[in-house]
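Okay, so here's the structure we're looking at.
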Amino acid sequence: MTAIKAMGGIMLIACGALAGLYASRRLKRRTDFLTQYIVFLTRAETMISYCSTEIGRIVSDPGDVPLLSRMLSECCAMINGGSDFSSAWSCGVSSAAQEGLIAGDDINLVRSFCDGFGTSGTEEEIAKLRLHRELIRQRLAVLSEEAAKRQKLYRVVGTFCGAMAAAVMI
């Protein structure tokens, strides 16, 4: 009987630790998403400045940004289906939010990328991209600092809660 209780206690501790790891990993994915989003914006700036590439092509050929792939493919599919860029981008951002890749103020910041994008000349578009990229970098710096503090906290609290549940049950 004590072996069963010990196994149950170990399982509760492991569940708590895994819950903490899960919360920590979600925060890490948010920072990874914003890092890859900066790569996407840099690539879009390059494509516009050197090739005057249209929006549909920028979204359909994003480069190596796996966390953005679903968001961009949904956006591209909507554009190909006849939607305007603004509604297609908003839909893609919503799908990224549903996946837990962005949350809170990040959603509005990423969604604001489409505001007036593709409606002016090359120089204006490049200026918009640079401004948006700088705003994302600032948000990433804040989120990275927050993540550094909270990731360890999530893991420790998860393990502690599991241990407390095990102590109460045994």
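FYI, it's all coordinate maths here, none of it is from the lab. Predicted model only: the values in this text are computed from it and were never measured. A quick note on method: Cβ atoms are made from the backbone with ideal geometry, for glycine too, and the neighbour counts reach across all protein chains shown.
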Query raised in the report: For the Cα atoms of the chain, what angle does the longest principal axis make with the long axis of helix 69-80, in degrees from 0 to 90, nearest 10?
Result: 40 degrees
Query - Local electrostatic count, PHE113, Cβ distance below 10 Å [Lys/Arg +1, Asp/Glu -1] - result: +2
Requested in this report: Round to the nearest 0.05 the FRET efficiency obtained for LYS152 and CYS15 when R0 = 30 Å and r is the Cβ-Cβ distance.
Outcome: 0.95
Report task. Any chance you could give the angle, 0 to 90 degrees and rounded to 10, that helix 2-51 forms with the longest Cα principal axis of the chain? Result -> 10 degrees
**Report entry** Farthest positive-ward along the stretch 40-170 dipole, Cα basis, beta-carbon charges - from ALA163, THR119, LEU135
**Finding:** ALA163
Query raised in the report: With +1 on each Lys and Arg Cβ and -1 on each Asp and Glu Cβ, how big is the dipole of the chain about its Cα centre, in debye rounded to the nearest 20?
Result: 1060 debye
Query raised in the report: Which angle between 0 and 90 degrees, to the nearest 10, do you get for helix 122-169 versus the longest principal axis of the chain when only C-alpha atoms count?
Result: 10 degrees
Report summary line: In whole angstrom, the spacing between the Cα centers of the stretch 50-83 and the stretch 1-49 equals 26 Å
